[in-house]
């Protein structure tokens, strides 16, 4: 009888643990849905959360409480948080003072009811949780890089002390040096699946085009790639590695000023139909909607299969949207 009671108790605890994870995920999903109903995307939600935490001195106090074993203490808290959301967590320590933590993403295979009720895609949820963790860590001087172990359906977090340059360092814009190209190659391979891109049916190798870099000391924090066609220019990509710190705006301003001195009359750019952040950003910077190319990205995917089918907010990535800004009237 004692054994039977113990078995029952063990099952109760196990079921409570599962229900606790689902409840937390459900509440996060509802928060994401509430933000969307108020025209806020996941980045806006993260920014709002961090503005509140920064306003009450949360990160300053966390940094004060850390001891000399800052990385170990952060990793322990990270694992405790992950244990509330994920299953089958494992941890290893590399020789480079880096912790590698693997977590089973149960909600991708068995999404909770809230994902269906509120229209939350599992990928969006995963991306939100990752971004929130990364920015939390960045505020505490910790770097987190996420990868995916698809064979075992696991998320892998690589955690180490941050090597980024502090935000207090001056932001400068410059052309890439020869040593920057190996870093750029790695960046585009990791984030784009290669250094080529397709725009309006034309394939470009971004490393062969005009490039502006935003840097803090020797650290690259932003990338702008563009091409000049006689009296107009086209932005091929604008990447801000530091969000909400004016990196994209600074690169764009520097480009516009440079082009005016060359008597370039206008700047065009193409973005995808799911990139709502970019659509909002460029309109705020004075760019006007010019054209839409229906199905252009579906065609580009035949040239570059690594282009994802599903993008931000679970939107099917299929159309190209063109924007323009007149520099010289």
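Summary table below
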| quantity | calculated |
| --- | --- |
| Dimensionless Rg over Rh [segment 171-326; C-alpha; Kirkwood] | 0.94 |
| For segment 76-229, alpha-carbon Rg relative to the globular expectation (2.2 N^0.38 Å, N residues) | 1.26 |
| Sites residue 263 and residue 285, calculated FRET efficiency, Cβ-Cβ separation with R0 30 Å, nearest 0.05 | 0.90 |
| FRET efficiency, 1/(1 + (r/R0)^6) with R0 30 Å, evaluated for residue 181 and residue 310 via beta carbons | 0.45 |
| Of every Cα-Cα pair in segment 2-161, the percent that sits beyond 18 Å | 65 percent |
| Computed E for residue 100/residue 329 - FRET, C-beta separation, R0 56 angstrom, nearest 0.05 | 0.50 |
| Tail beyond 25 Å, pair distance distribution of the chain (Cα, percent) | 60 percent |
| Potential lengthening between residue 302 and residue 30 on full extension [0.36 nm per residue; Cα-Cα distance subtracted] | 94.3 nm |
| Fluctuation leader among 50, 245, 191 - the chain, Gaussian network, Cα springs under 10 angstrom | 191 |
| Gain on full stretching of the segment that runs from residue 69 to residue 49 - 0.36 nm per residue minus C-alpha separation | 4.5 nm |
| Computed helical MRE - 222 nm, the chain, DSSP H runs ≥ 4 contributing -39500 (n - 2.57), nearest 500 | -14500 deg cm²/dmol |
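Any read-out appearing in this document is the output of simple, stated calculations on the displayed coordinates, not a laboratory observation. Please read all numbers here as calculations on a predicted model, not as lab measurements. When we count neighbours, we look across all protein chains shown, and the Cβ atoms used for this are built from the backbone with ideal geometry, even at glycine.
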